[in-house]
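What follows is calculated from the coordinates using simple rules that are stated; it is not laboratory data. Predicted model, so just to flag it, every value in this text is computed and none were measured. Note that each Cβ is placed from the backbone with ideal geometry, even for glycine, and that neighbours are counted across all protein chains shown.
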Amino acid sequence: MLLKAIVLGIVQGLTEFIPISSSGHLLGVRQLLGWNDAWLDQTFDVSLHVGTLVALILYYRHDWWSITRGFFNHLVRRVPYHKDESDGASGRLMIPILVACIPAAIVGCIWEDFIEHQLGQWYMIAAALVVIGLVMLLADRTGKKNRGIDRMNYTDFITIGCAQALALFPGVSRSGITITAGLFRGLDRAAAARFSFLLSTPIILGAGLKKLMGLVGAGLQPGEAVPMALGFITAAISGYLAIHFLITFLRTRTLIVFVVYRIAFAAILAAVFLAR
């Protein structure tokens, strides 16, 4: 039980932020290893969500402080937004981020359970890994990559927000699909990744709270507390490292390595399950 918690916590933390699909890897790894324990479906999932949320908040704490402070200063004290906030960490981002989260929130509330339980078969995961990987490659090759977050408009926000709604499908990848949408809209790679992570914070927070409420109602079973703590810690640490890695990586490199990995992982899934 402890080994499963550590392995899945690391998998969640790394793949939630690197564009290779956390849901696809969690389902794929569990199916490959035959880990079908009931507690992994409900109880443990809460700790993974909270762990990745903590990683996001810690890494972008300065951004969120600037965004939140600027927004409330503008709202309460009528302090105007500054035009020279070229790093994009401005209070003016608060409303666009919340608006961009609406499509994913609607899809999650209505279809999350159906998508996770009915569309989580290995062949669907493999297909999504390949298809979205090729779309990522197209965006990386054709996107103009000449804008930062400070030059985004509501068309950008809504387009990327709608793309985020697709991330509920196993194998798609939240970071992968939102970075791809950002590249198609002309953002540079680092800006697309940074906005992807800022945008994912409210959604992961909402999903975590929803799952936590379910856990509070059901309660913990004996022996589940320690695996949950291990899952939370490993997901938080690996998630923080994954964010730092990707932001640094995309400043100078392309997405091609992740496209190749997605196709290779899909091939491994196909080879293993077709051989059974």
About its Cα centre, the chain carries a charge dipole, from +1 on Lys and Arg Cβ atoms and -1 on Asp and Glu Cβ atoms, whose size in debye to the nearest 20 is 800 debye
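Take every Cα pair under 8 Å in the chain that's 6+ residues apart, average their separations, divide by the length, and report that relative contact order as a whole percent.
Working: 420 pairs, mean separation 104.2, N = 276.
In percent, rounded to a whole number, it is 38.
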Relative to the chain, whose Cα atoms define the longest principal axis, helix 43-59 and its Cα axis are tilted in degrees, nearest 10, by 30 degrees
Run the helix sum for the chain: -39,500 (n - 2.57) per DSSP H stretch of 4+ residues, divided by residue count, reported at 222 nm to the nearest 500 deg cm²/dmol.
-25500 deg cm²/dmol
By how many degrees, 0 to 90 and rounded to 10, does the Cα axis of helix 94-118 deviate from the longest principal axis of the chain?
20 degrees
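Averaging over every viewing direction, what projected area does the convex hull of the Cα atoms of the chain cover, in nm²?
On the way: hull surface 58.5 nm².
If you wrap the Cα atoms of the chain in a convex hull and average its projections, you get 14.6 nm².
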Taking the Cα centre of region 2-275 as the origin and placing charges on Cβ (Lys, Arg +1; Asp, Glu -1), which of Phe273, Leu27, His49 is farthest toward the positive end of the dipole?
His49
Lysine pair count for the chain [Cα-Cα under 26 Å; pairs on different chains or 8 or more apart]:
4
Along Cα→Cβ, 7 Å out, is where each label goes; now give me the distance between the ones at Lys210 and Val131 in nm to one decimal.
2.2 nm
Working from Cα positions, state the angle (0 to 90°, nearest 10) between the long axis of helix 174-184 and the longest principal axis of the chain.
40 degrees
Taking the Cα of Thr142, stepping 7 Å toward and past its beta carbon, and measuring to each backbone N in region 174-201: which are under 13 Å?
181, 183-186
Spin-label pair Phe245/Thr68, simplified geometry with 7 Å Cα→Cβ offset, distance in nm
2.9 nm
Would you kindly derive the ³J(HN,Hα) couplings of region 188-201 from the backbone phi angles with the Karplus curve 6.51 cos²θ - 1.76 cosθ + 1.60 (θ = phi - 60°), listing them in order in whole Hz, with x for Gly and Pro?
6, 4, 5, 5, 4, 5, 5, 5, 4, 6, 4, 5, 6, 4
